[in-house]
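Worksheet: one structure, shown below.
The values are calculated or read from the model by the stated rules, or taken from the named source; none is laboratory data. None of these values were measured; they are calculated from a predicted model. Please note: Cβ atoms are built from the backbone with ideal geometry, for glycine as well, and neighbour counts cover all protein chains shown.
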Amino acid sequence: MSMQIGIVGKPNVGKSTFFSAATESMVEIASYPFTTIDANVGIMYVRAKCPCKEFNVKCNPNNSRCIDGTRLIPIEAIDVAGLVPGAHEGRGLGNKFLDDLRQADAFIHIVDASGSTDDEGRPCDAGTHDPIKDVDFLEEEICYWFAGILGKDWNRIARQCEVGKIKFEKMLAEKLAGLKIKENQIHKAIMNLGLNPEKPSDWSEEDILKFAFELRKISKPMIVALNKCDLIPKDKMEELLNRLKEKGYLGIPTSAEAELALRRASKAGLIDYLPGSSSFTIKDDSKLDEKQKSALHFIKEKVLDVYGSTGVQECIEKSAFELLNLIVVYPVEDEHHLTDKDGRVLPDAFLMPKGSTARDLAYKIHTELGEGFIKAIDARTHRVIGADYELKNGDIIKIVAKV
């Protein structure tokens with residue numbers, strides 16, 4: 001099952017702009033609530049160092065791209081309808097929004113840092129709405145949704161576990177499988193709160209709610225994109241970042257509009273720009289009109305020079321590498337030439353959870369390889385490694401299997 005990152009937030013904060021910039025997809029963007037009704041699914045990319053430079057070879061990427069030694073590896077994104085207060089009770093497009101998020105492994109929460117959209121996502125005067133309120137409200141909506149799912153059949157599950165001595169965490173994992181929540185995540189949430197899994201019938205409604213909050217943090221971690229960063233002073237941004245940190249969130253100053261403009265200018269051949277870079281180069285000044293020159297100058301002065309990037313790529317990569325703890329592994333079939341059966345050099349780059357083993361990689365490539373696993377070979381050292389070898393970031397691995 002592939003990793004998926006949910007792009008979430010209330011209406012009219014720049015979610016669809018962020019999604020368009022991150023995936024280079026064309027989606028409807030407008031400044032009124034519920035522009036997005038059906039979820040948009042697209043592909044974003046995270047950057048990694050491609051081994052092609054290290055081995056002085058020309059790679060032939062198959063499932064990813066390589067730009068001058070930087071490998072761009074795909075990860076799925078889903079942009080869902082804007083969330084409004086009361087969504088877990090079905091307000092707005094609440095039920096649909098939450099249902100669309102079932103398979104997300106992590107969230108990027110887009111917040112209007114300029115404070116120019118109210119609780120419902122309607123435009124208001126800049127600075128009149130506190131962006132941190134949006135973080136609290138979205139957290140609550142998702143957690144009440146979790147609690148609602150947990151609350152259904154709670155007493156029956158509790159009785160079954162206590163009478164039949166069935167492991168509580170296992171039963172809950174089966175119930176929450178549709179949310180991609182695993183047994184070890186449930187166990188961790190219970191332990192963190194000091195709750196008793198042997199007597200779930202003793203848990204109060206408040207215990208279940210606290211458990212839902214803890215389970216969200218563990219199973220679907222969240223990063224906050226403080227969007228429209230060019231519209232507020234840097235000291236105000238620092239204050240927002242500190243307030244988020246106090247609440248336990250990682251916040252990133254972001255300008256989705258700037259990123260979208262840069263990617264489109266790059267695609268049109270007007271500039272050289274690699275997503276996530278702190279700068280861009282104009283290819284031919286004469287091809288730009290005054291409006292385009294002015295826009296690029298604004299992006300450089302108000303976003304890149306102030307924050308070092310537009311924040312969009314940083315949000316994607318911190319979600320993948322810090323929230324989800326993913327590493328990049330390059331499987332090959334010929335460890336001497338770093339090729340697959342078709343002779344392509346370093347063809348694939350896989351994102352794997354940290355702690356994954358050589359056997360996990362074999363299963364990721366193909367079920368038959370996992371089932372017939374004999375050994376693996378580290379292409380750098382040419383040493384044989386076993387099924388339980390823990391993969392390292394950047395490993396190049398050959399799988400030997402009986403198929």
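The rows are residues; the columns are (1) under 22 Å from Ala48 (Cα atoms); (2) over 27 Å from the mean Cα position of the chain (by Cα).
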site	(1), (2)
Pro347	yes, no
Phe350	yes, no
Ile377	yes, yes
Arg383	no, yes
Gly386	no, yes
Asn393	yes, no
Val400	no, yes
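Taking the conditions exactly as written (of a type outside the set (Asp, Glu) and within 20 Å of Ile142 (Cα to Cα)), does Leu195 satisfy them or not?
no
Can you go through Leu83, Leu98 and tell me which one is part of a helix (DSSP H, G or I), at pLDDT below 80 and closer than 28 Å to Asn325 by Cα?
Leu98
Quick one: count up the residues across the range 144-159 that are exposed (fewer than 15 other Cβ atoms within 10 Å of the Cβ) and part of a helix (DSSP H, G or I).
Number of matching residues: 5.
If the requirement is being of a type in the set (D, E, K, R), under 26 Å from the mean Cα position of the chain (by Cα), in a helix (DSSP H, G or I) and closer than 24 Å to Pro221 by Cα, which of these qualifies: Lys170, Lys188?
Of Lys170, Lys188, the one residue that is of a type in the set (D, E, K, R), under 26 Å from the mean Cα position of the chain (by Cα), in a helix (DSSP H, G or I) and closer than 24 Å to Pro221 by Cα is Lys188.
Surrounded by 18 or more Cβ atoms within 10 Å (Cβ to Cβ), at pLDDT below 95 and either within 17 Å of Leu138 (Cα to Cα) or not basic (Lys, Arg) (or both) - does that describe any residue in the range 181-191?
Checking the range 181-191: at least one residue is surrounded by 18 or more Cβ atoms within 10 Å (Cβ to Cβ), at pLDDT below 95 and either within 17 Å of Leu138 (Cα to Cα) or not basic (Lys, Arg) (or both).
Considering only the range 351-403, state which residues are out of contact with any Pro (no Cβ under 8 Å at 6 or more places or on another chain), closer than 19 Å to Val46 by Cβ and in a strand (DSSP E or B).
Answer for the range 351-403, where residues must be out of contact with any Pro (no Cβ under 8 Å at 6 or more places or on another chain), closer than 19 Å to Val46 by Cβ and in a strand (DSSP E or B): Leu351, Met352, Pro353.
Hey, can you tell me all the residues within the range 1-58 that are over 16 Å from the mean Cα position of the chain (by Cα), under 30 Å from Asp348 (Cβ atoms) and modelled with pLDDT of 90 or more?
Answer for the range 1-58, where residues must be over 16 Å from the mean Cα position of the chain (by Cα), under 30 Å from Asp348 (Cβ atoms) and modelled with pLDDT of 90 or more: Lys49, Cys50, Pro51, Cys52, Lys53, Glu54, Phe55, Asn56, Val57, Lys58.
Do any residues in the range 46-58 that are closer than 13 Å to His336 by Cα have Cβ atoms under 8 Å from those of residues that are crowded, with 20+ Cβ neighbours inside 10 Å, where the two are at least six apart or on different chains, and which pairs are they?
Phe55/Leu338; Val57/Leu338; Val57/Leu346
Which one of these is in the same structural domain as Phe19 (by TED's automatic domain parsing) and outside any helix (DSSP H, G or I): Leu274, Leu240?
Leu274
For (1) aliphatic (A, V, I, L, M); (2) surrounded by fewer than 18 Cβ atoms within 10 Å (Cβ to Cβ); (3) touching a Pro at 6+ places or on another chain (Cβ under 8 Å), each residue gets a yes or a no:
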position: Met171; (1), (2), (3): yes, no, no
position: Lys175; (1), (2), (3): no, yes, no
position: Lys228; (1), (2), (3): no, no, no
position: Ile232; (1), (2), (3): yes, no, no
position: Ala265; (1), (2), (3): yes, no, no
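So for the range 312-335 (the condition being surrounded by fewer than 15 Cβ atoms within 10 Å (Cβ to Cβ), touching a Lys or Arg at 6+ places or on another chain (Cβ under 6 Å) and in contact (Cβ under 8 Å) with a residue 12 or more places away in the chain), does at least one residue qualify?
yes
Residue by residue, here is whether (1) surrounded by fewer than 20 Cβ atoms within 10 Å (Cβ to Cβ); (2) without any contact (Cβ under 8 Å) to a residue 40 or more places away in the chain; (3) basic (Lys, Arg); (4) touching a Lys or Arg at 6+ places or on another chain (Cβ under 8 Å) holds:
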{"position": "His109", "(1), (2), (3), (4)": "no, no, no, no"}
{"position": "Thr117", "(1), (2), (3), (4)": "no, no, no, yes"}
{"position": "Asp125", "(1), (2), (3), (4)": "yes, yes, no, no"}
{"position": "Ile142", "(1), (2), (3), (4)": "no, no, no, yes"}
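Being more than 16 Å from Phe168 (Cα to Cα) and surrounded by fewer than 18 Cβ atoms within 10 Å (Cβ to Cβ): is that true of Lys210 here?
Judged against the criteria, Lys210 is not a match.
Report yes if Glu162 is at pLDDT 90 or above, touching a Lys or Arg at 6+ places or on another chain (Cβ under 8 Å) and over 26 Å from His109 (Cβ atoms), otherwise no.
Spelling it out, it is not the case that Glu162 is at pLDDT 90 or above, touching a Lys or Arg at 6+ places or on another chain (Cβ under 8 Å) and over 26 Å from His109 (Cβ atoms).
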